[in-house]
Every structure is written in structure tokens, then in C-alpha cells.
């Protein structure tokens, strides 16, 4: 500032006047702009603008800047997924998610995380995601075509079939395929076998998530695996609590009004909490009469493991 | 002879410093530090990859602009200011003048690229220091991957080719046209592989040959781009780097020779 002031002094009053005039004009311009925007609001920026749709054409026009463009599209894909997921509207289409992932991976065919996260994003059932497990598998197939040594893509494809499509035969085939790729861990082969034999049971699902949790280097994948393990634990706990609630209903001829009735009977040591620390809810309209709170970070539970019996009496 | 060339080169370097060309390094540093903070919030654990991509892309863009905009003025400015008359009466040949000009800008670019590479390593080092877990999370390539130097080296050679093209145009054309021609060749240089296979998509044999001839005549710049491979930790062989560098240096040499040829035939009377 002192240097600037010295320079202004050196230039004399003329320079000071010019500086003041420039500041005044700029301030006026900004004020005028604010006034205009108040009277004529700016159109809302649409997040639906994709800029380009043809990944191959963009790749050619990138002039060697493919990788940085892929990063830009990857960031947009994350923002689109996160923004749509958090949005309040009921009609969540995630319509740009696949095109953005397609552009990202066309521009940078070795963008490992774009395939792996992208597949998980695409597979998440509505409203948490678009529920497009088919597109997730096709994205992973493209990843394998670009880098056939990445057994993780085949493992992820098996996982998508297992968890999101409940197609245990296809899942086992993908796990077998992954296990045959050089460098793949030994447990993929046993996972394929157990998927084929016991697909859909909570124990094999827990084993699969635990393997993913223990082998991944990525924080997001690890957190996601931890969440799913918590959900599986919650499902087991709900079953155990449902048995207690059922016993109460049989002895008293009505379901319990709140947890304190069961605590008073010493059937429970306290208000039961799910693995995230949120209390379970007594809901006579649900199978078993016990449900996870909607406030829980584990909500919603994977539908394939929920009991489909009628409400408790 | 070498002393004269070095003197000219030194003056080109000094002039670029005086023209505040190296200020772009400050911009680069600010960009990298700012990005390293912001990127972490946006990229779901891909900070290191994106910082490397950004650092290499920014180095490439800054280098390209310096090579083109300084390169096109190297000779034209001397002619326009008429300082070329004073120069040519001194014991300096036209070829020494052109080679000196080229080497001067090459030195400026070298300093730029070296500082940018150091800044990128510094930012990566800082990220690693602040988040030690990054070392484990970066499964494709180490955070402080020495292979990044290969990308910087090839980028530098690519910029030498661009500089030589700009210098060539500068010997007979004004800065606007020279910049347009150089940028045009830069773009064409990235699509060159299409020309090599032109005969497969046209029926005329002559057109196919023409495509092939253009493929060899025009600069082939795409092979200098190993940014993505390096960032993904894919091996870039020493022989590939050596052959591509050899091609770049020979091509730049040829363009400088053509520039000397054109400049030598110019009549300044």
C-alpha cells in the first residue's frame, strides 16, 4: 500500500484523481449491475447443461488436454449425483449421470475411480440413485476393455449383480471371471462359489462387504462398505427385537406402546439403538413391528433383506 | 561463434524477464495452491490425480502461450523497431542471430518448465505432508512420482518444436498471422495421425499420397503428450522418450534452418 501511495504521490494530484475516478466508475458500474439484476433477475443456471455429448468427438478436440477435461466431467458427475440426491423434489431422474460418466471415461479410459464409483452411483436404487445397474455393468465392461488386467472392475460387476440386481448366478460368473485375471486375490474364487451356493443370505453379503472394506484403499468405498455392514447388523438386530416384540404381543394381546414397557419387564436393558446410534422405532404396521428410524444414517435398509410378512398383531 | 549465439540468447532471455514473462509462474503457483485446497472438496478422493493433471495441463498451456506469443515476435520485433539494421552491421551473421533468438526463448521456456515442475512437486509434497494417508490411497502411481519428469521433458521438447515453427513464421510474417499459423499447426499437429491413414478413407490414390506427405511434413505433436499415461502410473519407456525427443529436436532444427534460409534471403535495404 505504501508503494502504491508513493507512486500516487509521485504522479501528483492527477494520478490521485484518476485513481479516484476509476474507483468511482467501477463502484457505480457494480451498483448499476446489482440494480439491474434486482429488476431483471438473472436466469437460473441450469445444471442440466452437458456442453458436449459425443465423448469421442470431445476427446479429439481436446488437443492433448483429455485428462484435465475428464477431471472436469468427473467433478460434474459427482456434483450432479450429490446435488440430485440431496434435492427435495420427488422426481429425481439423474439423467445426466451416465452421459457425464461416459464422457469422463471416454476422455480418460484409465480413470479407475470413475468406473468404480460411477458403477456404484448408477446402481443405487431410486431415490438414492438412478437404479441403473445395467448401465453400471456396461460402464465396468468398458473399463475392462480399456484395462483387461483390472480384476477390480469384474469384482465390482459381480457386486452390482449381487447387491443391486440380486442375480446371484451372474454375480458368481463375474467373480469367477475376476478370479481368473492375473493378480486377483485368492478369496474371489471362494466368493464366487459361496455366491452361487448361498447368494442372497446376509452372512455371505456381510463377507462380501467386509472383503471390500478391508481391501479398498479408497475412503469413499470404505465408508460405503462400513454403511452397508452397519445396515446388515441393523437387520439382524431388528430380527432379534422383533422376536421380543412378538413375545410381548403374545403374552399381552397387544404390541408394546413404547420401548419402556419392554425395559420395565427387563426384556431389554435400555432403548435399543441401531449401529449409527439412532433409536429403533416400534412400528406395528411393519413386518416384525420394529423398524429403523428414517432419521438414521443407515436408512433405507436394503429391500432384498427386509422381511415381507404382514404386520404384527 | 558460440559466444555470439550465447549473447543473443542471453539478451532474449533478459528481455523476456524484463517483459515480465516469468510472472506467469506466480499465476501458476497461485493456481496450484488454490486448486490443491479446492479440489479436495470436490473430487471424492481424486485430489492427487487431478492436481497432477492440472499441473501438467497448466504447464502446457502457459508454455504454449509463451512459445507462440514470444516466438512470433522474436524476429518481427527487431525488424519493426528497425533494430535489426544496427544488429546486422555488427560482427554477427544472420544464422547466429536466428539460432541465438531460438536458444534464448528455449532458455526462457526451460526456466518456466523447471520452476513449474518444482512447484507441482512442492504442492504434491505439501499435500502428502498434510495428509499422509494419500501415499496409501494413490494406488496407480506414487504421489511424488519421478515419472512426472518424463512428461515435463517431452512437454519441453514439444514447446521447442512450437517455438521453432513460430520463429520460422516470424521471419517473413507479422505477429498476428504468425500466431494464427502457429496455433493452426499446433492443432493440426494433434490430428496428424489421421493424415497417415488418409488413404484408407479416400478413393483417390493421389489424395492418399498427399495425406501421407503432409503427415511427414507437418509437426506430429500428439506423441509428446504422455500426461495421462504418467498420471496413471503407466510405464513410459526410455526408448519412447528418447525417440520422441530425437524427432522433436530434429524437427525444431529443421525449422530453425528454414528460418535462417528465409531470413538470410530477406533484403533489409
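The values are calculated or read from the model by the stated rules, or taken from the named source; none is laboratory data. The model shown is predicted, which means the values in this text are computed figures rather than measured ones. No Cβ is skipped: glycine too gets one built from the backbone with ideal geometry, and neighbour counts run over all protein chains shown.
Picking from B:202, B:188, which residue would you name as being modelled with pLDDT under 90, within 14 Å of chain A (Cβ to nearest Cβ) and either assigned to a helix (DSSP H, G or I) or in contact with a helix residue (DSSP H, G or I) (Cβ under 8 Å, 6 or more places away or on another chain) (or both)? Break it down stepwise before answering.
On the way: B:202 fails: within 14 Å of chain A (Cβ to nearest Cβ).
Checking each option against the conditions leaves just B:188.
Of the numbered conditions (1) over 25 Å from residue B:96 (Cα atoms); (2) at pLDDT 95 or above, residue B:158 satisfies every one except a single condition; which is it?
Of the numbered conditions (1) over 25 Å from residue B:96 (Cα atoms); (2) at pLDDT 95 or above, the odd one out for residue B:158 is (1).
Kindly check whether there is at least one residue in region B:169-185 that is part of a helix (DSSP H, G or I), within 30 Å of residue B:79 (Cβ to Cβ), within 13 Å of chain A (Cβ to nearest Cβ) and touching a residue at least 24 places away in the same chain (Cβ under 8 Å).
Keep residues of region B:169-185 that are part of a helix (DSSP H, G or I), which gives B:169-170, B:175-185.
Now restrict to residues that are within 30 Å of residue B:79 (Cβ to Cβ): B:169-170, B:175-185.
Then keep just the ones that are within 13 Å of chain A (Cβ to nearest Cβ); that gives B:183-185.
Filter once more, so that each one left must be touching a residue at least 24 places away in the same chain (Cβ under 8 Å): B:183, B:185.
Yes, because at least one residue in region B:169-185 is part of a helix (DSSP H, G or I), within 30 Å of residue B:79 (Cβ to Cβ), within 13 Å of chain A (Cβ to nearest Cβ) and touching a residue at least 24 places away in the same chain (Cβ under 8 Å).
Looking only at region B:79-113, how many residues end up being touching a residue at least 12 places away in the same chain (Cβ under 8 Å) and part of a helix (DSSP H, G or I)?
24
Out of curiosity, is residue A:180 within 26 Å of residue A:301 (Cβ to Cβ) and surrounded by fewer than 20 Cβ atoms within 10 Å (Cβ to Cβ)?
So residue A:180 does not fit the description; no.
Looking for whichever is surrounded by fewer than 14 Cβ atoms within 10 Å (Cβ to Cβ), within 14 Å of chain A (Cβ to nearest Cβ) and in a loop (DSSP other than H, G, I, E, B) here; the options are B:193, B:235. Which one fits?
After applying the criteria, what remains is B:235.
Taking the residues in region A:125-145 that are surrounded by fewer than 20 Cβ atoms within 10 Å (Cβ to Cβ) and touching a residue at least 40 places away in the same chain (Cβ under 8 Å) as candidates, determine which candidate is nearest to the other protein chains (Cβ to nearest Cβ).
So, considering only residues that are surrounded by fewer than 20 Cβ atoms within 10 Å (Cβ to Cβ) and touching a residue at least 40 places away in the same chain (Cβ under 8 Å), the one nearest to the other protein chains (Cβ to nearest Cβ) is A:128.
Which residue, of A:167, A:233, A:258, is farther than 24 Å from residue A:131 by Cα and either in contact (Cβ under 8 Å) with a residue 60 or more places away in the chain or outside the structural domain of residue A:117 (by TED's automatic domain parsing) (or both)?
A:258
Any idea how many residues of region B:215-232 are away from every other protein chain (no Cβ under 14 Å) and touching a helix residue (DSSP H, G or I) at 6+ places or on another chain (Cβ under 8 Å)? Talk me through it step by step, then tell me what you get.
Let us first name the residues in region B:215-232 that are away from every other protein chain (no Cβ under 14 Å), namely B:215-218.
Next cut, touching a helix residue (DSSP H, G or I) at 6+ places or on another chain (Cβ under 8 Å) only: B:215, B:218.
Here the count works out to 2.
May I ask you to say which residue of A:82, A:158 is buried (at least 20 other Cβ atoms within 10 Å of the Cβ), in a helix (DSSP H, G or I) and either within 14 Å of another protein chain (Cβ to nearest Cβ) or at pLDDT 90 or above (or both)?
Numbers: A:82 fails: buried (at least 20 other Cβ atoms within 10 Å of the Cβ).
Criteria check complete, one pass: A:158.
Does region B:132-168 hold any residues that are more than 14 Å from chain A (Cβ to nearest Cβ) and under 29 Å from residue B:267 (Cβ atoms), and which are they?
B:163, B:164, B:165, B:166, B:167, B:168
Sort out which residues of region A:106-115 are crowded, with 24+ Cβ neighbours inside 10 Å and part of a helix (DSSP H, G or I), and write them in order of number.
Passing the criteria: A:107, A:114, A:115.
Of all residues in region A:244-266, how many are in a loop (DSSP other than H, G, I, E, B) and farther than 15 Å from residue A:290 by Cα?
Looking only at that region, the number is 3.
State which residue is modelled with the highest pLDDT when the search covers only region B:41-62 and only residues that are surrounded by fewer than 19 Cβ atoms within 10 Å (Cβ to Cβ) and more than 7 Å from chain A (Cβ to nearest Cβ).
Going through the qualifying residues, I end up with B:61.
When you scan region B:115-122, do you find a residue that is buried (at least 16 other Cβ atoms within 10 Å of the Cβ), outside any helix (DSSP H, G or I) and at pLDDT 85 or above, even just one?
Scanning region B:115-122 turns up no residue that is buried (at least 16 other Cβ atoms within 10 Å of the Cβ), outside any helix (DSSP H, G or I) and at pLDDT 85 or above.
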